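Student: Quick one: the structure is below, questions incoming.
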Amino acid sequence: MRLVVVGASLAGMRAAQAARAKGFDGELTVIGAEAHPPYTRPPLSKELLGGAQEAADVDLRSSALDVEWRLGVSASELDRDARVVRLADGAEIPYDRVIVATGCRAKSWPVGDVAIHDLNGVHTLRDLDDALRLRVELHDAHRLTIVGAGFIGCEVAATARKRGVEVTLIDIAPTPMLPLGPELGARCADMHRAHGVDLHLGTGVRTVHGDDGRVEAVTLTDGTTIDTDVLLIALGSALNDEWLNESGLQLDGGLVCDETLTSIDDPDVLGAGDIVSWPQPLLRGERARVEHWTVAAEHGRLAGANALLDSAQRAPHAVAPYFWSDQYDVKIQAVGFPARAEALRILESTPGGDRFVAVGERDGRLVGAIGFNAAARVAWYRRRLTPDATVEELEAAIAADPKALGAAVGAQA
């Protein structure tokens with residue numbers, strides 16, 4: 001059998017590793033658009049951007065893996081009739097089974113009449129080269145403006161403040177990090193303000209100003225003009241799925257897969273990582289796509305193993321998604337789908353409120369949990385996050401647990 005993995009980041013590499021670990025000794029090709037070998041992305045907005053790590057530190061040490069690497073060239077087409085992956089350089093890679101792990105890219109963003117990506121000092125942050133370029137600019141910059149107060153925007157804001165850079169953070173939403181909900185988002189806003197970040201929330205950008213080919217200011221929709229040396233556009237991601245447009249596979253907010261990460265249209269096509277939309281037990285089978293490091297690693301391992309099996313023998317991915325974000329001295333962690341909750345409630349908190357866990361409910365059932373500086377407790381919640389779990393059951397378990405942060409407080413969040 002010939003196995004081809006399209007996408008040489010974390011999910012793709014874990015898929016190749018899993019196939020070899022399961023005893024696959026056939027042809028195994030890994031295709032990657034970036035020239036770099038696989039690396040881990042979380043440090044790009046934190047340790048690497050801040051200078052505590054270098055490129056070698058984020059490398060995933062893939063050189064010992066017995067595969068044919070095709071790096072620095074992107075896939076241009078999946079021809080299921082000919083059973084080949086066509087590459088942008090004209091090459092054709094035959095396959096018997098293929099794992100799609102091409103993930104996402106940062107969204108670009110033109111504003112008004114200014115082609116902002118023609119201006120020096122304007123950045124996005126998605127890959128290793130992005131992080132290294134931004135780090136060089138921040139070395140001498142005094143003022144950084146970030147458009148987008150999601151996880152990447154907030155992490156970069158925290159990293160830049162640690163380096164002494166003045167930071168302005170802009171978002172049309174009323175609070176940062178919308179998946180956390182309004183109260184926890186307000187706590188995040190207070191955290192950034194306490195570290196000197198200038199927040200402009202509930203407003204967007206009207207114009208980006210440039211002088212002599214370099215960004216110099218942005219004007220907001222409320223009329224405020226902010227001078228800046230560097231502008232980071234952190235407005236989320238776009239799927240790298242154009243190469244699948246003629247494949248006949250369903251692409252509805254991601255590659256549509258079943259619970260085993262197999263395409264619903266072709267048992268010889270599997271997916272892994274950010275590009276996959278698959279049914280979620282916690283959401284009663286509703287499909288979702290998850291862009292987090294842990295899920296990419298878990299997907300890769302499962303897809304690599306499942307690709308060696310007939311479709312009827314493949315295992316499902318049923319573990320609740322997990323993600324984290326480090327900002328200043330706070331570790332924010334979440335499991336499940338708190339953004340899909342109808343309401344959030346704080347179930348545990350230390351007396352000072354510096355460590356707590358909030359849970360999300362939907363139709364009377366638990367769908368997610370968020371912890372601030374509560375790593376052990378979030379792991380405890382992940383083990384108990386099942387499709388039928390209720391908050392009342394959790395409250396009883398917390399009351400009987402000597403390691404709980406404190407009494408269940410039941411406050412609205």
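The values are calculated or read from the model by the stated rules, or taken from the named source; none is laboratory data. Everything quoted here is computed from the prediction, not taken from an experiment. Here the Cβ is made from the backbone with ideal geometry for all residues, glycine too, and neighbour counts use every protein chain on show. Just so you know, the surface numbers come from the protein's heavy atoms only, side chains and all, with ligands and any DNA or RNA stripped out. Shrake-Rupley method; radii C 1.70, N 1.55, O 1.52, S 1.80 Å.
Student: Return yes when Arg193 is under 20 Å from the mean Cα position of the chain (by Cα) and either hydroxyl-bearing (Ser, Thr, Tyr) or farther than 14 Å from Val230 by Cα (or both) and no when it is not.
Tutor: Answer is no for this residue.
Student: At pLDDT 95 or above, in contact with a strand residue (DSSP E or B) (Cβ under 9 Å, 6 or more places away or on another chain) and closer than 30 Å to His123 by Cα: which single residue out of Asp258, Asp241 fits that description?
Tutor: Answer to the check: Asp241.
Student: In region 44-67, how many residues are more than 22 Å from Val6 (Cβ to Cβ), without any contact (Cβ under 8 Å) to a residue 24 or more places away in the chain and assigned to a loop (DSSP other than H, G, I, E, B)?
Tutor: The total comes to 3.
Student: Out of all the residues in region 347-361, which are open to solvent by 10 Å² or more (accessible area, probe 1.4 Å) and touching a residue at least 40 places away in the same chain (Cβ under 8 Å)?
Tutor: Ser349, Thr350, Pro351, Arg355
Student: Also, I was wondering about something else. Out of Arg70, Arg41, which single residue is basic (Lys, Arg) and touching a residue at least 60 places away in the same chain (Cβ under 8 Å)?
Tutor: After applying the criteria, what remains is Arg41.
Student: Can you confirm whether Thr159 is closer than 22 Å to Asp222 by Cα and at pLDDT 95 or above?
Tutor: Against the criterion (closer than 22 Å to Asp222 by Cα and at pLDDT 95 or above), Thr159 does not qualify.
Student: Could you please give the count of residues in region 290-342 that are open to solvent by less than 40 Å² (accessible area, probe 1.4 Å), among the small types (Gly, Ala, Ser) and closer than 15 Å to Val359 by Cα?
Tutor: So the answer is 4.
Student: If you go through region 193-229, how many residues are open to solvent by 40 Å² or more (accessible area, probe 1.4 Å), touching a residue at least 12 places away in the same chain (Cβ under 8 Å) and of a type in the set (A, V, I, L, M, F, W, C)?
Tutor: 1
Student: Looking at region 75-108 only, could you name the residues that are in a loop (DSSP other than H, G, I, E, B) and open to solvent by 50 Å² or more (accessible area, probe 1.4 Å)?
Tutor: Arg80, Asp81, Ala82, Arg83, Ala88, Asp89, Gly90, Lys107, Ser108
Student: Those residues that are touching a Lys or Arg at 6+ places or on another chain (Cβ under 8 Å) and surrounded by 23 or more Cβ atoms within 10 Å (Cβ to Cβ), I need them from region 159-176; list them, please.
Tutor: If the condition is that a residue be touching a Lys or Arg at 6+ places or on another chain (Cβ under 8 Å) and surrounded by 23 or more Cβ atoms within 10 Å (Cβ to Cβ), then Thr159, Val167 are the ones that fit.
Student: While we're here: Can you tell me which of Leu232, Leu249 is in a strand (DSSP E or B), of a type in the set (A, V, I, L, M) and open to solvent by less than 20 Å² (accessible area, probe 1.4 Å)?
Tutor: The match here is Leu232.
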